[in-house]
Amino acid sequence: RRPRDAQDAARRALELASNSAHAHLTMAAALLPENLRATPEDLDEAERHLQRVLEIEPNHAAAHNELGRIHLARKQMFSATSAFARAVHADPSGDVALENMSQVFTRIVWASHLALWVLWWVTRSVHKPTTNLRPLVVAVAIAAAVVVLATALLLRRAIPRGLPNFLRDFRRREPFAALWGGCVGLSGLALAVMGLVGDEEAPTLHWVAGGALFIGGLLSWVRASKA
């Protein structure tokens, strides 16, 4: 609870061992409070020390994890996920980095859920067919396909190595969140297929998408309450 004293002690350690990865990591940790409410200057300095750690030990799991926390504090979600993924790759048994990466993964699902809900709401008139409805359905179907594809590509970019293993472990650790992600994916698929079927089948797919979004929302609430 005395961050400035901690930073002074860490700087003294660096004076005594300037090439110590542990000393640089300690300095970075002293600059990063648990709530991540650090100043931009402290974040920049902490990042410099973490980069130094990775120069000394490229596979230092804790350094990758702390670097991810810095990206998270800067709202750089995908860079944070990538750093957490490297931490997990360096130490597959470490729970902290995997938990951090799971939180960012959950944010990605939330963004997709919100986008697909908006698309579902826009097409609510599909249950009252009109002569001008087909262009709207096709446009929404294309947009839903783009959302699903963009989410997959962003996850692939954020977790370049071991994405299938991460998804399996994520399902084991957070079953409600995994089911929620599945519901979001199902809703996106249903909205996308709406553009390929006739006006008679489109309302059914619209109900499927809406139901999946509703159930996904309940699952996300259950996950949050358990957390």
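The values are calculated or read from the model by the stated rules, or taken from the named source; none is laboratory data. Quick caveat, the model's predicted, so the values are computed rather than measured. All Cβ positions, glycine included, derive from the backbone under ideal geometry; neighbour counts span all protein chains shown.
Mind checking which residues of the stretch 12-56 are at pLDDT 85 or above and charged (D, E, K, R)? Correct list: Arg12, Glu15, Glu41, Asp44, Glu45, Glu47, Arg48, Arg52, Glu55.
Would you check which residues across the stretch 180-227 are surrounded by fewer than 19 Cβ atoms within 10 Å (Cβ to Cβ) and polar (S, T, N, Q) and list them? Passing the criteria: Thr204, Ser225. Inclusion of Arg1 among residues that are part of a loop (DSSP other than H, G, I, E, B), of a type in the set (Lys, Arg) and surrounded by fewer than 17 Cβ atoms within 10 Å (Cβ to Cβ) is warranted. With respect to Arg161, determine if the residue is at pLDDT below 85, more than 19 Å from Ala143 (Cα to Cα) and touching a His at 6+ places or on another chain (Cβ under 9 Å). Considered against the rule, which asks whether it is at pLDDT below 85, more than 19 Å from Ala143 (Cα to Cα) and touching a His at 6+ places or on another chain (Cβ under 9 Å), Arg161 comes out as yes. In the stretch 31-73, which residues are crowded, with 19+ Cβ neighbours inside 10 Å and polar (S, T, N, Q)? Matches in the stretch 31-73: Asn65 only.
One line per residue, one yes/no per condition, for (1) polar (S, T, N, Q); (2) at pLDDT 80 or above; (3) farther than 30 Å from Gly210 by Cα:
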| site | (1), (2), (3) |
| --- | --- |
| Phe78 | no, no, no |
| Pro92 | no, no, yes |
| Met101 | no, no, no |
| Val104 | no, no, no |
| His113 | no, yes, no |
| Val118 | no, yes, no |
| Arg134 | no, yes, no |
| Val146 | no, yes, no |
| Ala152 | no, yes, no |
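Where helices (runs of 4 or more DSSP H) fall wholly inside the stretch 4-91, the ranges with 2 or more residues that are of a type in the set (Phe, Trp, Tyr) and touching a residue at least 12 places away in the same chain (Cβ under 8 Å) are 77-90.
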